[in-house]
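Data block below; observations after.
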Amino acid sequence: MPQLTLVVGSKNYSSWSLRPYLALAHTGQPFQEVVIPLAVPDTEDRIARYSPSKRVPVLQHGDLTIWDSLAICEYLAEAFPQAQLWPQDMAARAVARAVTAEMHSGFGALRQHMNMNLRARSPGKGRAPGVAEDIARVQALWNDCRGRFGQGGPFLFGRFSIADAFYAPVVTRFVTYDVALDAVSAAYRDAVLALPALQKWTEEGRSEPSIPKYD
């Protein structure tokens, strides 16, 4: 099988890199990682060696290059169907794609004011206009998915899926900024935090050098 290589940014900060990492780890396939520190003088040049968009993440599978976190996850779902990265039920799969797409394109206030920082603890910070509404919407999504599709496991659609990979960085933000959650959302947060792949990523991210721009 061709070599899989995932190129990511600094793990402490790069939420977009975390998403396909979790999906790829879930497939059980061996892969190599290239971690490129963000916000240093040669960051763009180093990323450009791998990514035509000059952004991370990017996946190389043999001679094939796929960029964008959602495109990578969709590719993994097709390349490794045994991993069942999308729900098997058509209705559940449609909703999973919808909530994933909403995360991919939305929640601008939450992204801007509660950036991912695995090492930090900043309770009470980031409460800018629009953030409370984003937090409420995330919890509503989690409650709806768990209530309608969560039988058979602790994740949004029971089994781990791409949707969980996309909301995992939000879970870490809620820890960093000490966001109070309802009971269903808190239980889901804890299930995501217990993922071995997320724990490994977090440990490695916390050991990276600090980047003042993001701290």
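The values are calculated or read from the model by the stated rules, or taken from the named source; none is laboratory data. Fair warning: this is a prediction, and the values are worked out from it, not measured in the lab. Here Cβ is always computed from backbone atoms with ideal geometry, including for glycine, and neighbour counts include all displayed protein chains.
Restricting attention to the stretch 111-137, which residues are under 17 Å from residue 166 (Cβ atoms), in contact (Cβ under 8 Å) with a residue 40 or more places away in the chain and more than 14 Å from the chain's Cα centre (by Cα)?
114, 135
Here is a list: 7, 34, 56, 40. Which entry is under 22 Å from residue 207 (Cα atoms), at pLDDT 95 or above and surrounded by fewer than 20 Cβ atoms within 10 Å (Cβ to Cβ)?
34
Considering 101, 91, which residue is exposed (fewer than 13 other Cβ atoms within 10 Å of the Cβ), small (Gly, Ala, Ser) and out of contact with any helix residue (DSSP H, G or I) (no Cβ under 6 Å at 6 or more places or on another chain)?
91
Please verify whether the stretch 175-197 includes one or more residues that are within 29 Å of residue 81 (Cβ to Cβ) and of a type in the set (S, T, N, Q).
No: zero hits.
Which residues, counting only those in the stretch 15-57, are among the small types (Gly, Ala, Ser) and over 16 Å from residue 196 (Cα atoms)?
Correct list: 15, 17, 39, 48, 51, 53.
May I ask you to say which residue of 159, 173, 148 is among the basic types (Lys, Arg), in contact with a helix residue (DSSP H, G or I) (Cβ under 8 Å, 6 or more places away or on another chain), within 27 Å of residue 203 (Cβ to Cβ) and in contact (Cβ under 8 Å) with a residue 24 or more places away in the chain?
Residue meeting the stated conditions: 173.
Out of curiosity, is residue 105 free of Cβ contacts under 8 Å to residues at least 60 places away in the same chain and within 14 Å of the chain's Cα centre (by Cα)?
Taking the combined requirement at face value, the residue satisfies it.
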